[in-house]
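The values are calculated or read from the model by the stated rules, or taken from the named source; none is laboratory data. All figures in this text were calculated on a predicted structure; none of them were measured in a lab. Positions of Cβ are generated from backbone atoms using ideal geometry, with glycine treated the same way; all protein chains shown enter the neighbour counts.
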């Protein structure tokens, strides 16, 4: 079995696991954030946990680029820039913007995220930088590339704005939860998740690849159920929670 065949088998497994994960998470809320409980085992500080979870994907994709043969390919360079922009922020900037380091992440959740990010980083990084046919220069003017990159940037901006609103809900030293307001919180409970859905849908379109589609599918399988859980939690906790808000997709879901 050569690497391309192995990559194909891993990709099929990735799609199957996403299809299984989605219905499971509709009934079992992943144990991190506000859903963490003592019974879920050992924990690690939130900042360290986020760095451990998110750094592997950016590092592995970078290694795949360096070991590949697309150093001078314009599309591959754009994909590298987009990927590293997202994961540099998630691993090295976002954790240090958080307040309330007393909050902790379970080692189980961190370990599962590390496995996922290594898996996903390899599938996308290796395919786009070696196994796939090189993107021609004309791809930079292709409507799929242009629309995909625009969606990625839009999703990243939505995600950053939502994170900023959530971080600023608490003043230094404050604990507890409040109703977030402003930005796309006017329409949905989880615009940060909406931003990621838009980002990786854009990635799938811009790369026009099965690994990109698999990542978008996994993002939906993970974040849509979590957004629904958050939405129910807000409604249960706050009697005055805005009735017009949806969970993650404005006016729809």
Exercise for the section: Go through region 198-243 and count every residue that is within 21 Å of residue 77 (Cα to Cα) and not in a helix (DSSP H, G or I). Expected result: 2
Practice task
Answer yes if at least one residue in region 91-99 is surrounded by 20 or more Cβ atoms within 10 Å (Cβ to Cβ), modelled with pLDDT under 95 and touching a strand residue (DSSP E or B) at 6+ places or on another chain (Cβ under 8 Å), and no otherwise.
Solution key: no
Fill in the blank from the handout: Per the list (1) under 20 Å from residue 247 (Cα atoms); (2) free of Cβ contacts under 8 Å to residues at least 24 places away in the same chain, residue check on residue 168 breaks on (1)
Exercise for the section: Confirm whether residue 211 is crowded, with 19+ Cβ neighbours inside 10 Å and touching a helix residue (DSSP H, G or I) at 6+ places or on another chain (Cβ under 9 Å). Expected result: yes
Practice task
Please enumerate the residues belonging to region 185-220 that are closer than 17 Å to residue 253 by Cα and more than 18 Å from the chain's Cα centre (by Cα).
Solution key: 185, 186, 187
Handout entry: Residue check for residue 156: touching a residue at least 60 places away in the same chain (Cβ under 8 Å), touching a helix residue (DSSP H, G or I) at 6+ places or on another chain (Cβ under 9 Å), in a helix (DSSP H, G or I) and surrounded by fewer than 15 Cβ atoms within 10 Å (Cβ to Cβ)
Key = no
Exercise for the section: Determine which single condition residue 183 fails, assuming it passes every other condition in (1) touching a helix residue (DSSP H, G or I) at 6+ places or on another chain (Cβ under 6 Å); (2) over 26 Å from residue 236 (Cβ atoms). Expected result: (2)
Fill in the blank from the handout: Of the conditions (1) out of contact with any strand residue (DSSP E or B) (no Cβ under 7 Å at 6 or more places or on another chain); (2) buried (at least 20 other Cβ atoms within 10 Å of the Cβ), the single one that residue 106 does not satisfy is (1)
Problem - Scope region 165-184; condition closer than 20 Å to residue 250 by Cα and outside any loop (DSSP other than H, G, I, E, B); matching residues - result: 165, 166, 183, 184
Handout entry: Qualifying residue in region 49-68 (condition: part of a strand (DSSP E or B), modelled with pLDDT under 95 and surrounded by fewer than 20 Cβ atoms within 10 Å (Cβ to Cβ))
Key = no
Completion exercise
Of the residues in region 46-90 that are in contact with a strand residue (DSSP E or B) (Cβ under 9 Å, 6 or more places away or on another chain) and free of Cβ contacts under 8 Å to residues at least 60 places away in the same chain, the one that is nearest to residue 117 (Cα to Cα) is 50
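Within region 135-145, take every residue that is within 26 Å of the chain's Cα centre (by Cα) and not in a helix (DSSP H, G or I) and give me the one that is surrounded by the most Cβ atoms within 10 Å (Cβ to Cβ). Spell out the reasoning first.
From region 135-145, those within 26 Å of the chain's Cα centre (by Cα) are 135, 139-140, 142-145; that's our starting set.
Cutting the leftovers down to not in a helix (DSSP H, G or I) gives us 135, 142.
Details: 135: 21, 142: 15.
This residue is 135.
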Exercise for the section: Answer yes or no: is there a residue in region 70-85 that is surrounded by 21 or more Cβ atoms within 10 Å (Cβ to Cβ) and over 13 Å from residue 203 (Cβ atoms). Expected result: yes
